[in-house]
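Read through the structure below, which is laid out as C-alpha cells, and then see the notes.
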Amino acid sequence: MQTLNVGAGQTDHEYKEAEQQRLADLRADSQNASNYFFWAAGLAALGTGLLPVRMSFLFNIGMIDLLNFYGRSTGSFHGRGGMVAAAMWVILVALLGLAGRSGQRWAFLAGMLLYGADMIALTMMFSMWAFGVHAFFLFKWFEGQKALKELRFAAR
C-alpha cells in the first residue's frame with residue numbers, strides 16, 4: 001500500500017473516492033438550495049393572494065406591497081395589476097429555480113439580488129417577519145452558489 005502526501009494516511013485511491021464524494025455532496029447541496037426557489041415562489045403566491053388562501057401577514061413581497069400602497073393613492077395600481085405583478089414575480093422565481101437546478105450559478109446570484117432589493121422594500125413597509133423569511137432564502141441561495149463555485153473550481 002503506497003501512501004501519498006494527499007491526506008492524513010490516505011492512499012491515492014481513498015483520496016480520489018473522498019474527492020468524488022465531496023463533489024457529489026456539493027452537487028446535492030446546490031440542488032437542495034435550488035429547491036428553495038420553489039418554496040419562495042409558493043410562499044409568494046400564498047402571500048399575495050394568487051392562491052385561495054392568503055397569508056400576507058406572514059409572507060410578503062415588498063415590491064408588490066409598495067406598488068399596492070403607492071398605487072392605491074394614485075389610482076393607477078388596482079387589483080388586477082397587483083395580481084399580474086405577483087404572478088410575474090412567482091414565475092420569475094420559479095424560472096430561477098429551474099436554472100439553479102440545471103447548475104447555473106447566475107440564477108442563485110440573480111435570486112440573491114432580487115430578494116436583497118425586495119428586503120429593502122420590506123423594511124420600508126415595516127414587514128419584519130417577511131424580512132426574516134427573505135433573509136433565510138438569501139442564506140440558502142448563497143450556500144447554493146457557493147457549492148456551484150466550489151464545483152467549478154474543482155473541475156479545473
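The values are calculated or read from the model by the stated rules, or taken from the named source; none is laboratory data. Remember, it's a predicted structure, so these values are computed and weren't measured experimentally. Don't worry about glycine lacking a Cβ; one is built from the backbone with ideal geometry, like all the others, and counts go over all protein chains shown.
From Arg54, Arg22, Arg80, Arg27, which residue is farther than 16 Å from Val133 by Cβ, charged (D, E, K, R), at pLDDT below 75 and surrounded by fewer than 15 Cβ atoms within 10 Å (Cβ to Cβ)?
Result: Arg80 is the single residue among Arg54, Arg22, Arg80, Arg27 that is farther than 16 Å from Val133 by Cβ, charged (D, E, K, R), at pLDDT below 75 and surrounded by fewer than 15 Cβ atoms within 10 Å (Cβ to Cβ).
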(message) Checking the condition buried (at least 19 other Cβ atoms within 10 Å of the Cβ), at pLDDT below 85 and in a helix (DSSP H, G or I), which residue from Leu148, Leu122 passes?
(response) Leu122
(message) Contact list please: Cβ distance under 7 Å, first residue in segment 28-39 and touching a residue at least 60 places away in the same chain (Cβ under 8 Å) and over 18 Å from Leu151 (Cα atoms), second residue in a helix (DSSP H, G or I) and of a type outside the set (Phe, Trp, Tyr), pairs at least six apart or on different chains.
(response) Tyr36/Lys140; Phe37/Val93; Phe37/Ala94; Phe37/Leu96; Phe37/Gly97; Phe37/Gly100; Phe37/Gly111
